[in-house]
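Before any comments, here is the structure.
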Amino acid sequence: MIRILMHVCCAPCFVAPYYHLKNDYDITTFWYNLNIHPVAEYINRRDCLRDFVRREEILYIEEDEYGLIPFLDNTYKNIDSRCYYCYYDRLNFTAIKAKQEGYDYFSTSLLYSKFQNHDLIKEIASEIANIYQIEFFYKDFREFWKVGIDLSKEQNMYRQHYCGCIFSEMERYTNVIKFPTLNKRM
């Protein structure tokens, strides 16, 4: 059976794609999300995924590192390109892990969300696939959007209300990102 290492941003974005793929592919979940903030949000999403994979007996690899500082170091100077960095970082690390562990493909649950930039994800994944010589598994899982919402509610999963980064949380409440001058304090 074809083995896929699936980067998972959260259980609600993974549940429908997993049920769609599980009979035809050997799926291992991979938790690596330096972008999720604040820490309580990170813990809620991680623990919800842990519960789901345990119940479903899904293979699970976890890089449990809360990454506020690395994320901010790589995004605050150019907020408009934060999604590029976020996609690249997680897909790159997933591809490296997939290659090291002998998977046939790497992929991501980000492909489930209608709020993610699929063209950018595909572009980045293609570049990374060429670098590491491992295939990217692309499927537009947005067709399962409603199914995933229903499944996550039926299973009482923690459901988040923003993409994950501190900037998307701010956008949720303000609809705009405004930053004062960032001063370094000694």
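The values are calculated or read from the model by the stated rules, or taken from the named source; none is laboratory data. Here the structure is a predicted model, which is why all the values come from computation and not from measurement. Every residue, glycine among them, receives a Cβ derived from its backbone with ideal geometry; neighbour counts consider all protein chains shown.
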Selection from segment 1-58 of residues that are of a type in the set (Val, Ile, Thr) and either buried (at least 24 other Cβ atoms within 10 Å of the Cβ) or not in a helix (DSSP H, G or I) (or both) = Ile2, Ile4, Val8, Val15, Ile27, Thr28, Thr29, Ile36, Ile58
ask   = For segment 111-120, does any single residue satisfy the condition of being touching a residue at least 12 places away in the same chain (Cβ under 8 Å) and of a type in the set (Asp, Glu)?
value = no
inquiry  = Based on this model, can you work out whether Tyr162 counts as among the hydroxyl-bearing types (Ser, Thr, Tyr) and modelled with pLDDT under 95?
reply    = yes
ask   = Among (1) in contact with a Leu (Cβ under 7 Å, 6 or more places away or on another chain); (2) surrounded by fewer than 20 Cβ atoms within 10 Å (Cβ to Cβ), where does Tyr105 come up short?
value = (1)
message = When you scan segment 63-70, do you find a residue that is on the phi > 0 side of the Ramachandran plot and either at pLDDT 95 or above or not in a loop (DSSP other than H, G, I, E, B) (or both), even just one?
response = no
inquiry  = When the residues of segment 106-124 are narrowed to those that are part of a strand (DSSP E or B) and touching a helix residue (DSSP H, G or I) at 6+ places or on another chain (Cβ under 7 Å), which ends up nearest to Tyr84 (Cα to Cα)?
reply    = Thr108
query = Mind checking whether some residue in segment 140-149 is of a type in the set (Val, Ile, Thr), in a loop (DSSP other than H, G, I, E, B) and over 18 Å from the mean Cα position of the chain (by Cα)?
reply = no
query = Are there any pairs, at least 6 apart or on different chains, whose C-beta atoms fall under 7 Å, with the first in segment 127-152 and basic (Lys, Arg) and the second in a helix (DSSP H, G or I), and if so, which?
reply = Lys139/Leu111; Arg142/Tyr112
ask   = Pick from Ile69, Ile58, Ile79: which is of a type in the set (A, V, I, L, M), touching a Phe, Trp or Tyr at 6+ places or on another chain (Cβ under 8 Å) and over 21 Å from Pro17 (Cβ atoms)?
value = Ile79
